[in-house]
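What follows draws every value from the coordinates through simple rules; no lab data is involved. These numbers come from a predicted model, not from an experiment. Counting neighbours? That spans all protein chains shown, and the Cβs are built from the backbone with ideal geometry, glycine included.
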There are 2 protein chains.
Amino acid sequence: MAGVTLKTVAKAVGVSPSTVSNAYNKPDQLSATLRERILATAQELGYAGPDASARALRSGKAGAIGVLFTDKLAYAFSDPYAVGFLAGLAEVAEEFATSLLLMPLSSTDIAGGSNAVQQAAIDGAAIFCVPSGHPALEILANRGIPAVSTDRGDHPDLSWVAIDEVEAAAQLGEHLARLGHRDVVVLVDNAQAAGGRPVELTVDQVGYTDCELRIQGLQKAMPNARLRIVSGGHNALESGLRGAEYVLDSQDRPTAIVGLSDVQALGALEAMKVRGLTPGRDLTLAGFDDIPAAAAAGLTTVRQPIKDKGRAVGRILLDPATTERQLLMPTQLIVRSTSGPAPKH
Amino acid sequence: MAGVTLKTVAKAVGVSPSTVSNAYNKPDQLSATLRERILATAQELGYAGPDASARALRSGKAGAIGVLFTDKLAYAFSDPYAVGFLAGLAEVAEEFATSLLLMPLSSTDIAGGSNAVQQAAIDGAAIFCVPSGHPALEILANRGIPAVSTDRGDHPDLSWVAIDEVEAAAQLGEHLARLGHRDVVVLVDNAQAAGGRPVELTVDQVGYTDCELRIQGLQKAMPNARLRIVSGGHNALESGLRGAEYVLDSQDRPTAIVGLSDVQALGALEAMKVRGLTPGRDLTLAGFDDIPAAAAAGLTTVRQPIKDKGRAVGRILLDPATTERQLLMPTQLIVRSTSGPAPKH
DNA sequence: TCGTTTTTCTAGAACGTTCTAGTAGAACGA
DNA sequence: TCGTTCTACTAGAACGTTCTAGAAAAACGA
């Protein structure tokens with residue numbers, strides 16, 4: 001049963017291996033009757049079609065694109081934002097009969113030679129919110145694998161599909177400034193706080209390019225405001241909850257909290273509810289992304305077309321017709337009920 | 001720059017290709033000094049390490065396991081249950097430096113030859129809630145790829161990690177029967193209702209093995225109850241919402257609604273809230289899985305160790321030390337506030 | 001000192017496919 | 001009728017690695 005290859009089938013039918021190969025890949029290169037006969041014999045012999053690895057080696061196409069995710073895989077899935085991106089990417093991948101290879105990015109085994117990024121058979125890579133300067137990026141570059149990032153990079157020859165983070169955040173900042181807010185806490189994703197208690201950070205310690213740019217944008221739009229950066233852990237609802245708890249229970253409450261993702265903001269919303277605080281009246285809350293749950297919660301946020309972002313990344317990697325290598329997607333400030341004027345004091 | 005292979009490096013250093021290969025894969029097969037020299041030369045020439053496809057072909061190991069998901073990829077991610085499974089699987093995959101290959105299962109291209117399941121270079125496959133008899137399963141079997149399912153199959157030589165669906169559902173059924181419920185609606189995942197209006201189904205029309213078994217379990221524990229099966233679409237909150245709306249707005253309200261997944265049940269919870277119905281008093285609601293949100297919502301549910309399920313599947317596929325090929329995981333009825341006695345009438 | 005084991009490296013054959021170049025024969029146009 | 005184009009196929013060389021078997025040299029034990 002095992003060990004049935006193209007050659008076996010070719011010998012059985014009495015044709016050359018090339019012809020059997022063509023029967024599978026280029027049906028117009030041989031007569032229909034012969035093709036029928038070949039496929040029938042293949043079925044009979046239990047031949048399951050050309051071997052994927054051999055094909056990949058010979059043709060130079062792996063039939064898969066890698067997806068590099070922040071930190072542990074588990075966190076990635078818990079954010080509807082990431083899910084939306086993947087859905088868009090998967091849509092295009094499906095169109096080109098290509099699979100998605102999720103690559104764990106544990107920093108531990110990067111040092112050793114045996115990490116997934118090094119080993120993976122992929123034709124391209126989508127880099128989703130990976131900290132700038134991550135060793136995996138260098139490995140990819142070394143291997144000569146085309147990569148598309150969701151962050152605007154410094155190099156002019158790097159591909160990306162991104163938003164104007166600074167401008168997007170500035171829009172939100174203007175909105176907050178107009179409402180009279182001058183004391184704002186920003187909730188960010190950070191590995192430091194992952195295990196235990198929330199931490200207060202400087203801009204330099206944030207690590208993720210997009211987050212840094214958003215903070216810059218807020219600062220630009222609110223030059224007279226005090227901005228503090230707090231993290232309750234990785235990008236998840238609980239982290240936002242913990243970060244907000246830390247802020248709300250301190251002596252020094254801000255008038256507004258901005259989550260750099262909606263899940264963080266929604267976590268903060270939980271913390272406010274528990275404390276009997278009404279968002280938009282007692283304290284203003286805003287997020288980023290506009291995930292479905294944001295609308296349900298009435299969260300003021302900055303919408304970005306996440307599914308389109310995934311699609312665009314897919315097209316750049318897979319569709320030869322796509323020539324544009326750097327795409328700036330539009331964003332939109334969505335004002336809902338969680339933002340309101342800063343309380344007078 | 002391009003075209004640098006093992007041979008190029010070997011020639012440059014003045015050793016055989018085998019030795020260069022060993023420098024990467026079997027460091028103890030050559031002297032440390034020579035290894036240093038080889039790696040240094042490789043770096044210099046811009047060699048990024050052994051080609052993944054060639055290695056896969058020669059060694060017979062692809063370094064990836066496939067994950068087959070229900071229907072469109074997007075739905076998969078939106079359920080925390082699926083996310084938990086993936087997290088467990090990813091954990092083991094990471095340990096064995098293996099990647100996860102997500103395979104879109106669009107039924108359209110299965111007919112044609114060019115589907116991902118046919119093409120993918122994988123060493124094994126995790127089958128997650130795929131309808132019984134799906135053509136992709138046959139393709140896998142044909143290719144001789146070891147597969148582990150999350151459903152108990154009929155064949156004794158099939159690997160699976162599952163729960164006793166009948167028994168688990170029966171526990172819940174007994175709980176409901178004890179509370180006096182005799183009129184129950186079960187909310188299920190179904191493609192038929194995906195586009196438009198909710199549908200009422202017979203057991204035969206459900207399609208998913210696990211769902212069918214759960215319904216059997218409920219029936220077994222509540223022989224005198226009337227059980228209706230309703231679907232509002234795919235497995236997502238909105239589907240549960242739509243399904244529950246259909247049921248609640250009809251003349252013929254049940255006294256209890258059981259979602260065959262927590263997301264469905266939580267959707268139903270939304271529908272109840274909108275109508276001013278208090279769960280546990282006006283109507284009993286229960287789910288399946290015990291995802292994190294279930295605890296927060298006070299949802300009565302059947303807990304299953306989903307992350308462990310993912311881990312176990314990973315071990316069966318990757319860990320040679322694991323010999324057990326069929327695993328039954330424990331379940332536990334978690335009674336919370338959404339279940340209460342059936343109203344007298 | 002001599003046989004034995006260990007270390008360190010090599011030659012050459014796989015692995016299963018697809019690609020390039022080409023051939024024989026049929027069909028075609030004038 | 002003769003060149004030309006098309007159709008239907010084939011031979012044999014890649015693709016870049018790892019594996020098997022083995023050889024030369026070094027280390028070891030008595």
Worksheet entry | At 7 Å out from Cα toward Cβ: A:Q216 inter-copy label distances (nm, ascending) | 6.1
Worksheet item: So what's the angle, to the nearest 10 degrees on a 0 to 90 scale, between helix B:306-318 and the longest Cα principal axis of chain B?
Response: 30 degrees
Worksheet, complete the sentence: Taking only the alpha-carbon atoms of the protein assembly as shown, the convex hull volume per residue, in cubic angstrom, is 182 Å³
Practice prompt. Give the calculated FRET efficiency between B:D157 and A:E200 to the nearest 0.05, with a Förster radius of 60 Å applied to their Cβ-Cβ distance.
Written response: 0.55
Response to the item:
Taking chain A and counting helices only, DSSP H stretches of n ≥ 4 at -39,500 (n - 2.57) each over all residues, the nearest-500 ellipticity at 222 nm comes to -13000 deg cm²/dmol
Practice prompt. Give me the angle, in degrees from 0 to 90, between the Cα long axis of helix B:237-248 and the longest principal axis of the Cα atoms of chain B, rounded to the nearest 10.
Written response: 20 degrees
Worksheet item: Reachable aspartates and glutamates from A:K61, Cα under 17 Å, same-chain residues fewer than 8 places away excluded?
Response: A:D51, A:E94, A:E95, A:D123, A:D319, B:D51
Fill in: Gaussian network model of chain B, Cα within-10 Å springs - most flexible of B:P254, B:P320, B:P80
B:P320
Worksheet entry | Proximal lysines relative to A:K220, as straight alpha-carbon distance under 24 Å, when same-chain residues fewer than 8 apart are discounted | A:K344
Worksheet item: For B:R275 and B:R178, what is the calculated FRET efficiency with R₀ set at 22 Å and r taken between the beta-carbons, to the nearest 0.05?
Response: 0.25
Practice prompt. Over chain B, calculate the relative contact order: mean separation of alpha carbon pairs under 8 Å at least 6 apart, over the residue count, as a percent.
Written response: 17 percent
Discussion item. How tilted is helix A:32-45 with respect to the longest principal axis of chain A? Cα atoms for both, answer in degrees (0 to 90, nearest 10).
Written reply: 80 degrees
Discussion item. 7 Å from Cα along Cα→Cβ at both B:D249 and A:A12: what's the point-to-point distance in nm?
Written reply: 5.7 nm
Discussion item. Using the basic label-point model (7 angstrom from Cα toward the beta carbon), what is the A:A321 to B:E95 distance in nanometres?
Written reply: 4.6 nm
